[in-house]
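Read through the structure below, which is laid out as structure tokens, and then see the notes.
Read-outs throughout are calculated quantities, based only on the coordinates presented, and are distinct from any laboratory measurement. Keep in mind that this is a model prediction, so the values were computed, not measured. Note that we place each Cβ from the backbone using ideal geometry, even for glycine, and neighbour counts take in every protein chain shown.
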Amino acid sequence: MSNRKLPVYLDYSATTPVDPRVAEVMCSYLTPEGNFGNAASRSHAYGWAADEAIKEARKNVADLINADPKEIVWTSGATESNNLAIKGVAHFYKKKGKHIITCKTEHKAVLDTCRQLEREGYEVTYLDPEDNGLVDITKLESAMRDDTILVSIMHVNNEIGVIQDIKAIGELTRERGIIFHVDAAQSAGKVPIDTQDVKVDLMSFSAHKIYGPKGMGALYVQRKPRIRLEAQMHGGGHERGMRSGTLATHQIVGMGEAFRLAKEEMAADNEKLMMLRNRLWDGLKDMEEVYINGDMDQRVAGNLNISFNFVEGESLIMAVKDLAVSSGSACTSASLEPSYVLRALGRSDELAHSSIRFTFGRFSTTDDVDFTIELIRSKVDKLRDLSPLWEMFKDGVDLSKVQWAAH
Amino acid sequence: MAYSEKVIDHYENPRNVGSYDKSDTSVGTGMVGAPACGDVMKLQIKVNAEGVIEDAKFKTYGCGSAIASSSLLTEWVKGKTLEQASEIKNTDIAEELELPPVKVHCSVLAEDAIKAAIDDFQGKQK
């Protein structure tokens, strides 16, 4: 008997467990015996100790991206960071212009924030990515206008793991004096980031994507040249007025420790993740009609997003209930729309509905992968035996030419 | 998502999976849904000289509820006359499988499928 824990967790892009080393540090900032003070308390040692711990965490986060600790603003997560960056810039610089550029495959925290700004009278260009998920730099450049104030492009896509060329984009934006925001929730600790090298003005981070706690994030706000933001949260003027609210010491030290470990272990982690990913793909690629979504070279090591043609995603997820994976298909919600990311890549309805995202992490094993290969192969075969589309495909019917009775 | 035990049973042990020759005049085929909507259901009925459905087979591309709805339908239509089978309502299927509101469309699709299969069969008899 294997001591495998079921379901096997292959959804590290959704969230990661807190690394036990991180949890241990966090625990020492909670209880009466611990360092529980309010960092804003200037009049006693409890406050000073908390302030020291936060300083160190700020440095750990800054070090991972080669930034100054003064450029780190604590938030409740990448969603808040994205809101603060995009609304904060739009509101502060609205006299300069009201045009924003982003991409259709961004996270909802960026897209919905842009939608809100449209309701406030801003104009937003949503770029189409190329078929491999990457933004064409020339197309981005031609979308830039005199009244463009902000470009927001994510570093690594959450569904397909592709890595955008933020260095090239930063050159274009800086040249034109356009502010460049990058949602780096999925890239911090997975792809090297050097803020001295890439011309990024604002960058959003999340702790729980990289073995830190949920409910914790940060926004990098560049100092030279200085980027101004209109605060979205008002109060005691914490975080240099950009984000009020008592600092959550245990959460912050957790993020700091997670980022410190990420810096130390990124290379070794990535080597292992790449091995696991290749092992999974090697075990599946000889199946008929399987397709990788997104560019395979410009991609984080721990992501594999595969469409199993003619098998519907939700039924596949149900069949592989011993795997914790996510379906690109949004059928589990009230909407029956397939993944908007895969649709933006120009994938057909069938392929967009048939995708599974496998994401690996620090605690994944080769045994997890071997179990996955065996399970996926048998379940896909079973569902294809059930699938009228597979039968038609096998009979040589061109599905794109079939007149479907829409319902 | 929490599926009812009945959905899980039909999904894990689907009844009457398969296909008949579409051109057989004793066979009626109903194919409904679209890949764009995430489900396609093919239901086939084999009808005897007395107008009774002797056997039924299905194949479904779709979520667990869609598979279960069509599997259940094949059980229900067997032994029914065409007229009786055409009276099966989606609400009966939804009730039997305890489908949640977001999955009711799967039972609607099943009702459409049996109607389409009967139409196809009757069209062949002219």
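Computed values, structure above
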{"quantity": "Convex hull volume of the stretch A:285-326 per residue (C-alpha atoms, cubic angstrom)", "calculated": "96 Å³"}
{"quantity": "Tensor-based shape of the stretch A:354-407 (alpha-carbon gyration tensor, a/c under 1.5 rounded, otherwise prolate or oblate)", "calculated": "prolate"}
{"quantity": "Along principal axes, Cα extents of chain B, largest first, whole Å", "calculated": "45, 28, 22"}
{"quantity": "Rounded D (µm²/s) - the stretch B:86-126, Kirkwood Rh over Cα pairs, Stokes-Einstein at 4 °C, 1.567 mPa s", "calculated": "119 µm²/s"}
{"quantity": "Scattering curve values for the stretch A:262-407, log₁₀ I(q)/I(0), Debye with Cα scatterers, q = 0.13, 0.16, 0.19 Å⁻¹", "calculated": "-0.61, -0.89, -1.21"}
{"quantity": "Distance (nanometres) between label positions extended 7 Å along Cα→Cβ at A:Arg4 and B:Thr25", "calculated": "5.4 nm"}
{"quantity": "Potential extension, A:Ile373-A:Arg174 segment - 0.36 nm per residue separation minus Cα distance", "calculated": "67.1 nm"}
{"quantity": "Peptide-level mean, for B:61-74, of C-beta atoms on other protein chains within 10 Å", "calculated": "4"}
{"quantity": "Within the stretch A:48-136, trypsin sites (Lys or Arg not before Pro) in DSSP loop having at most 10 other beta-carbon neighbours inside 10 Å", "calculated": "A:Lys95"}
{"quantity": "Peptide A:310-316 - average C-beta neighbours from other chains (10 Å radius)", "calculated": "5"}
{"quantity": "Cα-based Rg of the stretch A:16-152 normalised by 2.2 N^0.38 Å, two decimals", "calculated": "1.41"}
{"quantity": "Diffusion constant of the stretch A:12-74 at 20 °C, which comes from Stokes-Einstein with the Kirkwood Cα-pair radius and 1.002 mPa s, µm²/s", "calculated": "162 µm²/s"}
{"quantity": "Cleavage-rule hits (GluC sites (Glu not before Pro)) in the stretch A:91-138: DSSP loop, at most 16 neighbouring Cβ within 10 angstrom", "calculated": "A:Glu120, A:Glu130"}
{"quantity": "Cα-based radius of gyration of the protein assembly as shown once divided by 2.2 N^0.38 Å, which approximates compact folds", "calculated": "1.13"}
